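The values are calculated or read from the model by the stated rules, or taken from the named source; none is laboratory data. For clarity, every value in this text was computed on a predicted model and none was experimentally measured. Cβ coordinates were reconstructed from backbone atoms using ideal geometry, including for glycine residues, and neighbour counts include every protein chain displayed.
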Amino acid sequence: MFYSLSIIIPAYNEEDAIVSIIERSLAARQHIITNTLVKDVEIIVVSDGSVDKTPELAKQFEPQIKLIAYVPNKGYGAAIKTGFNEASGDLVSFLDADGTCDPLFFSDMINRMEEENADIVIGSRMGKQSKMPGIRRLGNTIFVNLIKILSKQELTDSASGMRVIKKDKLSRIYPLPDGLHFTPAMSVKALFDSNLKISEVDMTYEERVGESKLSVLKDGFRFLRVIIEAALGYNSFRIFAINAVLLLFIAGYYSIEPLIYYFNNTALEEWMIYRMITISTLTTSGIILLIIGRVIQTLSDIANAQNHSSESIIRKSTNFLFIRFGLFLSVFFAIIGLVILWNGIETYIESGQVFIHWSRVLLGAQAFTLSIVSFASGGFAVGLRYLKDKLLYNLKKQDN
């Protein structure tokens, strides 16, 4: 099978480097055709609102390249997406216009895509031959480790500006932002999507020509936000579950002393009321986080057309108890609450006063709270199942 390749070069005020990168890309075209299954290469330069000589310098290479120039500046990601929209290749790719990336590496990336049947191949700047500045290398290391924790996937370079993507897979990673956080957004979305395979190839990376447009702090916070948003959009349950387990662990730790005291004395002391309120609050909050995370995860799976073949024990347990059997669990907790509070309810009806111990009131109140939460989650799960079945039916109807 042969491919056609579109190389997108986004450029914003790159008059010092644009001629060189276009010449290098044109020279690499034959190398790519000779050493890969690509038989046609087009080069698209997108001048993203440049106010220097970038568009004029690029224009002299027409018709060997296609030039798109517009004003005002829309952003790095917007320029790449504009190029994607105009691209005719089966494979779309991009590299920065600042001279840091070598277009010859597209050959290695395309061959890796073919060998591993990957959907996206990233040129990693973290190899030994890279001249990546130390502050960026540190920031990238922090981000890739955060991504690893959230996605359980390995990646060495989350923000590389040189990539090859199968064009028919773009719809799975859209929408993508317009700014410099375009590349980390693409990385995390691809990693979280079980229907996409991502691979990396070590490449050389040189010092850029001209002044950098990247702000370490400002864009660093954008990168962090993108990673968290993608995690919530694709694997929200993991984030909610981590916090929920932490709350439940703290609740369990604080429960040890009251439980030991109760088993030895069959009673709780007044001074324990604050601890019991804390335990009740932490326990209820942890369970609510698990349920909310599972519901949001179901919505994400529907939106992203994903199925999780292997689920964690926590996810399976939460799904079984609060989603699949939430309505039945609601009745169970309501009965538990009634049993705990029945004597207090009777005396209140008869005398207008409550004489049972405060610990029973607290436990009964928690049981009724969990009953309401279970009822809400179970009812919402029924609605989600209906929505999912309806969407699948409509999709199947469209295919037919």
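Rundown of residues vs (1) hydroxyl-bearing (Ser, Thr, Tyr); (2) crowded, with 24+ Cβ neighbours inside 10 Å; (3) assigned to a helix (DSSP H, G or I); (4) under 29 Å from the mean Cα position of the chain (by Cα), yes/no style:
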position	(1), (2), (3), (4)
Thr34	yes, no, yes, no
Glu56	no, no, yes, no
Ala69	no, no, no, no
Asn73	no, no, no, yes
Lys81	no, no, yes, yes
Phe94	no, yes, no, yes
Cys101	no, yes, no, yes
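Determine whether Ile277 is in a helix (DSSP H, G or I), surrounded by fewer than 14 Cβ atoms within 10 Å (Cβ to Cβ), in contact (Cβ under 8 Å) with a residue 24 or more places away in the chain and aliphatic (A, V, I, L, M). In short, yes. In segment 242-274, of all residues being acidic (Asp, Glu) and part of a helix (DSSP H, G or I), the one that is nearest to the chain's Cα centre (by Cα) corresponds to Glu257. Taking the criterion of being of a type in the set (A, V, I, L, M, F, W, C) and under 20 Å from Thr283 (Cα atoms), the residues of segment 340-366 that qualify are Ile340, Leu341, Trp358, Val361, Leu362, Leu363, Ala365. Restricting segment 140-157 to residues that are surrounded by 18 or more Cβ atoms within 10 Å (Cβ to Cβ) and at pLDDT 85 or above, the residue that is farthest from Ile122 (Cα to Cα) is Leu155. Within segment 352-400, which residues are among the polar types (S, T, N, Q) and at pLDDT below 80? Scanning segment 352-400 gives Ser377, Asn394, Gln398, Asn400. Report every pair of residues separated by at least 6 positions or lying on different chains whose Cβ atoms are under 6 Å apart, first residue within segment 36-65 and under 21 Å from Asp178 (Cβ atoms), second among the hydrophobic types (A, V, I, L, M, F, W, C) and surrounded by fewer than 15 Cβ atoms within 10 Å (Cβ to Cβ). Matching pairs, first to second residue: Gly49/Val71. Filter segment 36-54 down to the residues that are of a type in the set (S, T, N, Q) and either touching a Leu at 6+ places or on another chain (Cβ under 9 Å) or outside any helix (DSSP H, G or I) (or both), then identify the one that is surrounded by the fewest Cβ atoms within 10 Å (Cβ to Cβ). If we take residues in segment 36-54 being of a type in the set (S, T, N, Q) and either touching a Leu at 6+ places or on another chain (Cβ under 9 Å) or outside any helix (DSSP H, G or I) (or both), then Thr36 is surrounded by the fewest Cβ atoms within 10 Å (Cβ to Cβ). Taking segment 112-124 as the range and being more than 17 Å from Thr204 (Cβ to Cβ) and either touching a residue at least 12 places away in the same chain (Cβ under 8 Å) or among the aliphatic types (A, V, I, L, M) (or both) as the test, the residues that pass are Met113, Glu114, Glu116, Asn117, Ala118, Asp119, Ile120.
Between Val209, Val201, Val188, the distinction of being in contact with an Asp or Glu (Cβ under 6 Å, 6 or more places away or on another chain), at negative phi and at pLDDT 85 or above belongs to Val201 only. Cβ separations smaller than 6 Å between residues 6+ apart or across chains give the following pairs from segment 331-354 residues that are more than 16 Å from Gln366 (Cβ to Cβ) to residues that are exposed (fewer than 14 other Cβ atoms within 10 Å of the Cβ): Thr347/Phe355. In this structure, is Phe223 out of contact with any strand residue (DSSP E or B) (no Cβ under 8 Å at 6 or more places or on another chain) and over 30 Å from Leu176 (Cβ atoms)? Taking the combined requirement at face value, the residue does not satisfy it.
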